[in-house]
Amino acid sequence: MSPQKKLITVVLLVAIGAGLGWGAARWRQGSSSSADGASVSPPADDRKVLYWYDPMLPQHKFDKPGKSPFMDMQLVPKYAGEAAAGGAAGGVEVDPRVAQMLGVRTATAEKQRIGTSIQLPATVQLNERDVAILQARTAGFVQRVARLAPGDVVAAGAFIAELLVPEWAGAQQEFLALRRTGDPALTSAARQRLVLLGMPTALVQQVERTGEVQALTSVHAPIGGLVQELMVRPGMTVSQGMSLARITGLSTVWLEAALPEVQAATARVGEPVEVTLSAFPGETLKGKVTSVLPEASSETRTLRVRAELPNPRGRLRAGMFAQMRLGGAAEEALVVPAEAVIRTGERAIVYIVDQPGRFTPVPVRIGREWGDKLEVLAGLQAGQQVVASGQFLIDSEASMQGLLQRQAAASAVPASAAAPQVAASAQVHQAEGRITALTSQDVTLDHGPVPSLKWPAMQMGFKLAQPGQVDGFKAGDTVRFTFRESADGYEVTGVQREPKGGVR
C-alpha cells in the first residue's frame, strides 16, 4: 500500500473513533441528566395555597413565599383543605412534613404509681431549743474557771467557774447572828433575804447547817452539751445578770432541708422521716418533722423543713450532710410529660392527637410535679396521645384559626366594666389597604407598611371592634383604616373608603 493510501486510512479511522466517542458521551450525559432530574423534581402538589404565614406570628399573612420579616425562618404555606378541616372538627391540622421539620413529638398519658415520698438533701444542726445560759446572780469576782474553751463538750453538773461574792458574806453573818437569838420570825426573815440576794437554796442550807460564812459560790453546767460561749476568766469582775457561759445540749439535733414550694403539701408536722448519712453507710435513722417554717425563700422558692433526731451517743455533728426522706406511700395518678403542658397563666392546655397531623387543644387541671412528670387531675384519659414537643407550631395554628379564643369565650366569666376602658387606652395605628375578604366579625386586608409598628406591607386578618363595621364594603375596595391591639389580636376601630388608585 502506498504511503498516501496509508495516510488516508489513518485519518478515516481517527474520524470514526472521535464520532463514536462523542456519541457515547452524549448518550451518557443524557441518561445522567434524566436520572438526576427524576430524583430532584419535587412531587406535584395541586392543593390551593391561601396565603403564607410565620408560625411564630400566625396573625400576619403574606401573599407570596419568602423569609419572615419578624423571625429568622421561612414562611409556611396555608392550604385551603387544612383550614376547612381544622375549623370543621374543632381541631387544627398541620402538614406532617412541617411537623416533622419542627420536631413535633408525642407521648401517651398514662397512669403510674407515683411515690408521694421525696428525698431531700439536708444538714445537721444544733437543737436551738435545748440551750442553757449561765448568768451571775449578783456582782462579784471570778476566782477560778474550769479549763474549757468554746467547742468543748461538758457533762451535766460539770464545774464551770467559782465566784467570790462579798455582799453574800455580810448577809450570811447577819443571818447567823439572828439565828442565835432564837427568834423564829427574825430567823425566817433573814433566811428569805439570803434567797432574794440570789443565793442558791443549797448554799443557804449549807450556811445554816455548818454555821460558817460561805462567800464563794460555784457555777455548774445545768445540762450536758457543747460549750458555745465562755465569757469569764480568772480575776474578772462580773455584774449581776452578766452571761458567763452558753451551753447547747446534744441529746437531740435538728435536720434542716429545703423543700420546693410545689411540694409543700408533702411535709406535715409530726410526720416521721428517715435519714441516711454518708458518715454511717447502711444505717437509717428515724426522726419526725417538728416544724415547717412559715417563710419561703424568694431566691430559691423553697421552704425550710426541720426534723428532730435523737443523738444518744453524740455521733451526729453539726454541719454533717444527710439525705432526708419524708412523705407517705406511693399512689396511682394520671401523668404526662411536664413539657407537654402549656401554661398560659389563666389555664393549662395540652394538645391531643386526633389522628396523624390533626391536633385538638384541651384545657386540663394539673396537680403535683414529680421530676419530668406532671399529674393531670382532669381533662385527659389514660391512653390518649398528647404533643410533648414542638407545640408552638400547633399552638400558633390554633390561635390563627381562633380555636383557643372560642374555647376561652365558651368558658369565660363576663368581663368587668374596666376591660373596655383598658382596650380603649391601647395605641391606635393607621394604614391603607385593599379588602380581600370580609364577614360581619372580621376583615382581611392587603395593607401597606405601618410605620408606627415597623410592619412591612402584608396581608393579614383583623377582628372588628364592632360587628357590622364593614357593612356596605366589598372585596376589592381600597380603604384607609385604624386599628389597635386587643386581647384577641388586632382589631379595626375605624374604616373609610378611598377612591380607586389611592392605595398601592
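The values are calculated or read from the model by the stated rules, or taken from the named source; none is laboratory data. Since the structure is predicted, the reported quantities are computational estimates derived from the model, not experimental observations. Backbone-built Cβ (ideal geometry, glycine too); neighbour counts: all protein chains shown. To get the accessible areas, we keep the full protein, side chains included, count just its heavy atoms, and leave off ligands, DNA and RNA. Shrake-Rupley method; radii C 1.70, N 1.55, O 1.52, S 1.80 Å.
Quick one: which of 78/474; 454/474; 48/373; 78/463; 48/463; 64/463 span more than 31 angstrom between C-alpha atoms?
48/373
So, in nm, how far is label residue 347 from label residue 105 when the simple model puts each one 7 Å beyond its Cα toward the Cβ?
The modelled label-to-label distance comes out at 2.8 nm.
Any idea how far apart residue 313 and residue 70 come out in nm if each label point goes 7 Å out from Cα toward Cβ?
For residue 313 paired with residue 70, the spin-label model returns 6.9 nm.
What relative contact order, as a whole-number percentage, does the stretch 190-329 give when Cα pairs under 8 Å and 6 or more residues apart are counted?
It comes to 22 percent, rounded to a whole number.
Using modelled backbone amide H atoms (1.01 Å from N, in-plane), which distant-in-sequence or interchain residues come within less than 5 Å of residue 494's amide H?
Distant-sequence amide H within range of residue 494: 482.
Applying 1/(1 + (r/R0)^6) with R0 = 22 Å to the Cβ-Cβ distance of residue 389 and residue 262, what FRET efficiency is obtained, to the nearest 0.05?
After rounding, the FRET efficiency stands at 0.50.
Let me know the charge dipole size of the stretch 276-378 about its Cα centre in debye, to the nearest 20, where only the beta-carbon of Lys, Arg (+1) and Asp, Glu (-1) is charged. Working shown, then result.
Values: 15 positive and 12 negative charges, 109 e Å.
Dipole size: approximately 520 debye.
Ignoring everything but the protein chains, give the 1.4 Å probe accessible area of residue 352 in square angstrom, nearest 10.
About 20 Å², ignoring ligands and nucleic acids.
Any idea of the accessible area per residue across the stretch 87-236, 1.4 Å probe, to the nearest Å²?
Value returned for the stretch 87-236: 55 Å² of accessible area per residue.
Given H placed 1.01 Å from N in the peptide plane, which residues other than close sequence neighbours of residue 213 have an amide H under 5 Å from its amide H?
none
According to a simple spin-label model (label point 7 Å from Cα along Cα-to-Cβ), what is the distance in nm between residue 147 and residue 131?
Taking the simple label geometry, residue 131 and residue 147 are separated by 3.0 nm.
Hey, can you grab everything whose amide H is under 5 Å from the amide H of residue 477? Only 5+ residues off in sequence or another chain; H modelled, so Pro and N-termini drop out.
Correct list: 435.
GluC sites (Glu not before Pro) within the stretch 330-391: which are DSSP loop residues with at most 10 other Cβ atoms inside 10 Å?
Within the stretch 330-391, the qualifying GluC sites (Glu not before Pro) (loop, at most 10 other Cβ atoms within 10 Å) are 346.
Residue by residue through the stretch 359-369, which ³J(HN,Hα) values in whole Hz follow from phi under the Karplus form 6.51 cos²θ - 1.76 cosθ + 1.60 (θ = phi - 60°), with glycine and proline marked x?
9, 10, x, 10, x, 10, 10, 9, x, 7, 10
Using a Förster distance of 56 angstrom, determine the FRET efficiency expected from the C-beta separation of residue 299 and residue 189, and round it to 0.05. If you can, show how the numbers build up before the last one.
Numbers: r = 62 Å, r/R0 = 1.11.
With a Förster radius of 56 Å, E is 0.35.
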